[in-house]
Amino acid sequence: MKITHSALVAASFVAAITSPGELDSTSRTSIKNVASTLAYGTMSYYTGNVTNTPETIATLPDPYYWWEAGAMWGAMLDYCHYTGDESYVDTVTEALLSQVGPDLNYMNPVHYGSTGNDDQAFWGFAVLSAAERNLPQPQTDMPSWLTLSENLWNSMVSRWNVTHCGGGFTWQIFAENPNGMNYKNSVSNGGFFQLSARLARATGNETYTDWATKVWDWSEAVGLVSSSGHVFDGTDSSDNCTDINHLTFSYSQGIYMYGAAVMANYTQDTEWSDRAALMLDAAENRFFSPYDNATDIMFEQACETVGTCNVDMKSFKGYLARFMWSTTKMLPALTDRINSVLTVSATAAAQACTGGDNGTVCGQKWYVGGFDGETGLGQQMGALEIIQGLLVQEADAPYASSEIEDVRPSAAAAPVTPSPAPSKRSGIADEDGEEDAALSLRVNTVMVTLFVGLALIALGL
């Protein structure tokens, strides 16, 4: 039986659910309910736990690459953490464990064709988040989340390339992907920088501290990070990195910003807090307020206003939002500034998620005052990231070395089994901790409708 994304959406969104357009950014219950709607929409793009093959488990259908699947699992980990809704935990856990590869370092031969250094880094962000939140690890034959994160880091560090430019990571790993073998991009280098910073805090191992400092210094020296805090896209080793590609993308800014904030939190060195603040200055300058009537609304500066964003780029704002919210947990001094712009952007993003038959589908441009008709996983996930982050101050900060544990359920002998459906929604508790019965009823109706719809699809009706 072949289940298409459109069929799943048609089957599952028949019943009434919380419209993002109803978001009240001051209400915990409203934020949770809207986030639940957006999480469901995000997960509707995933059917790997139904098809359950090595090629499809944990990954997404075309046109979404392997890296964006890793990004999605990171977003869903945030969703579970911020809202307390555990209905996706088993699916996320299964996905993260399915991609470890034969060397347990997230170099999976099945996906070598689409694996670059930045791709591996995005899976690293998700796996390290699992470690920092003590996500239970159910498979006794697998290392802890923290060990898997260190394995991934060890795989990456071996590719630090000093042949040209005095160091740096190239975009691509394999010669079969020749277009990026000379290009040293900020996402690969920033990704490794952030992983190093987070592992330093998670382990207390100064090797990671040294590498975080080394990559930052190299990024500044070569010109990927400017004196004004802007992060440029990359440089080419074929001319010894003498020319910089001055395009800027929001996710690169967020990746470096959060890494600097983690270093500030861990080292208590004001140099790192100053760097994080400078990164925030540059982000506000470059990725907010595209027009005079859209103050403090986030946009993708390089492509959004001119309509040239590709599939990948349409997801980038979500990662800037993720890492800005996370920065508030590492550097509370920046919280008011970040809350100010992200709350405005979250409200705008909610209004952009009013498309489709049920008013829950997200568009791309948050600054147009409504749904713009440009749909996709990146749009759905980006809105989820910025809206669920409104709950960040109520959530625990990522655990540090003295708090991280290898949590194994008492009945951990059996591996995680696939969930029966591509996604599910659960009732969300209100401020008093009691489940909203009306929402629970609506969710049950959604699930019944989903299975009826799938049955009709299977019968060819």
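Only one of Thr235, Thr213, Thr207, Thr242 is in a loop (DSSP other than H, G, I, E, B) and in contact with a Ser or Thr (Cβ under 9 Å, 6 or more places away or on another chain). Can you tell me which? Steps first, answer last, please.
Working: Thr235 fails: in a loop (DSSP other than H, G, I, E, B); Thr213 fails: in a loop (DSSP other than H, G, I, E, B); Thr207 fails: in a loop (DSSP other than H, G, I, E, B).
Testing whether each residue is in a loop (DSSP other than H, G, I, E, B) and in contact with a Ser or Thr (Cβ under 9 Å, 6 or more places away or on another chain) leaves just Thr242.
Listed here are the residues, each with its yes/no results for (1) assigned to a loop (DSSP other than H, G, I, E, B); (2) touching a Gly at 6+ places or on another chain (Cβ under 6 Å); (3) modelled with pLDDT under 95; (4) charged (D, E, K, R).
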residue: Leu247; (1), (2), (3), (4): yes, no, no, no
residue: Val262; (1), (2), (3), (4): no, no, no, no
residue: Ala277; (1), (2), (3), (4): no, no, no, no
residue: Asp292; (1), (2), (3), (4): yes, no, no, yes
residue: Ser326; (1), (2), (3), (4): no, no, no, no
Item to check | Any pair with Cβ under 7 angstrom, 6 or more apart, that starts in the stretch 144-166 at a residue that is within 20 Å of Lys214 (Cβ to Cβ) and ends at one that is among the aromatic types (Phe, Trp, Tyr) and part of a loop (DSSP other than H, G, I, E, B) | outcome: Leu152/Tyr106; Arg159/Phe169; Trp160/Phe169; Asn161/Phe169
Checklist entry - Conditions: (1) modelled with pLDDT of 95 or more; (2) under 18 Å from Thr115 (Cα atoms); (3) assigned to a helix (DSSP H, G or I). Thr170 meets all but one. Number of the miss? => result (3)
Next on the checklist: When you scan the stretch 153-163, do you find a residue that is at pLDDT 95 or above, under 15 Å from Phe192 (Cβ atoms), surrounded by 20 or more Cβ atoms within 10 Å (Cβ to Cβ) and not small (Gly, Ala, Ser), even just one?
Outcome noted: yes
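Looking only at the stretch 321-380, which residues are acidic (Asp, Glu) and touching a residue at least 12 places away in the same chain (Cβ under 8 Å)?
First, the residues of the stretch 321-380 that are acidic (Asp, Glu): 336, 357, 372, 374.
Listed by number, the residues that qualify are Asp357, Asp372, Glu374.
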Checklist entry - Would a scan of the stretch 351-359 turn up a residue that is modelled with pLDDT under 95 and of a type in the set (Ser, Thr, Tyr)? => result no
Checklist entry - From the list Leu148, Leu104, which one is over 17 Å from Gly48 (Cβ atoms) and crowded, with 19+ Cβ neighbours inside 10 Å? => result Leu148
Checklist entry - Hey, among the residues in the stretch 8-45 that are of a type in the set (Phe, Trp, Tyr) and not in a helix (DSSP H, G or I), which one's modelled with the highest pLDDT? => result Tyr45
Next on the checklist: So the check is Cβ under 7 Å with 6+ separation or different chains; which pairs have a first residue in the stretch 299-319 that's touching a residue at least 12 places away in the same chain (Cβ under 8 Å) and a second one that's among the small types (Gly, Ala, Ser) and assigned to a loop (DSSP other than H, G, I, E, B)?
Outcome noted: Val311/Gly376; Lys314/Gly376
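Confirm whether Gly113 is surrounded by fewer than 24 Cβ atoms within 10 Å (Cβ to Cβ), touching a residue at least 40 places away in the same chain (Cβ under 8 Å), farther than 23 Å from Thr47 by Cα and over 15 Å from the mean Cα position of the chain (by Cα). Step through it out loud before you land on a result.
On the way: surrounded by fewer than 24 Cβ atoms within 10 Å (Cβ to Cβ): yes; touching a residue at least 40 places away in the same chain (Cβ under 8 Å): yes; farther than 23 Å from Thr47 by Cα: no; over 15 Å from the mean Cα position of the chain (by Cα): yes.
Spelling it out, it is not the case that Gly113 is surrounded by fewer than 24 Cβ atoms within 10 Å (Cβ to Cβ), touching a residue at least 40 places away in the same chain (Cβ under 8 Å), farther than 23 Å from Thr47 by Cα and over 15 Å from the mean Cα position of the chain (by Cα).
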Checklist outcome for this item: Ser340 vs (1) over 19 Å from Pro20 (Cα atoms); (2) crowded, with 19+ Cβ neighbours inside 10 Å: all pass except (2)
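For the stretch 112-140, what are the residues that are small (Gly, Ala, Ser) and modelled with pLDDT of 95 or more?
Narrowing the stretch 112-140 to residues small (Gly, Ala, Ser): 113-114, 116, 121, 124, 126, 129-131.
Within the stretch 112-140, Gly116, Ala121, Gly124, Ala126, Ser129, Ala130, Ala131 qualify.
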Item to check | Output for the stretch 46-67, where each listed residue is touching a Ser or Thr at 6+ places or on another chain (Cβ under 6 Å) and at pLDDT 95 or above | outcome: Ala58, Tyr65, Trp66
Checklist entry - So is Ala95 buried (at least 22 other Cβ atoms within 10 Å of the Cβ), among the small types (Gly, Ala, Ser) and touching a Phe, Trp or Tyr at 6+ places or on another chain (Cβ under 7 Å) or not? => result yes
Next on the checklist: Looking at the structure I just gave you, is Ile31 of a type outside the set (Lys, Arg), in contact (Cβ under 8 Å) with a residue 40 or more places away in the chain and within 18 Å of Thr354 (Cβ to Cβ)?
Outcome noted: yes
Checklist outcome for this item: Of the residues in the stretch 129-145, those that are surrounded by fewer than 22 Cβ atoms within 10 Å (Cβ to Cβ) and under 16 Å from the mean Cα position of the chain (by Cα) come to Arg133
Item to check | Sole exception among (1) of a type in the set (A, V, I, L, M, F, W, C); (2) under 14 Å from Leu104 (Cβ atoms); (3) under 20 Å from the mean Cα position of the chain (by Cα) for Ala126, by number | outcome: (2)
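The values are calculated or read from the model by the stated rules, or taken from the named source; none is laboratory data. Keep in mind that what you see is a predicted model, and the values were worked out from it rather than measured. As a convention, Cβ positions derive from the backbone with ideal geometry for all residues, glycine included, and neighbour counts pool all protein chains shown.
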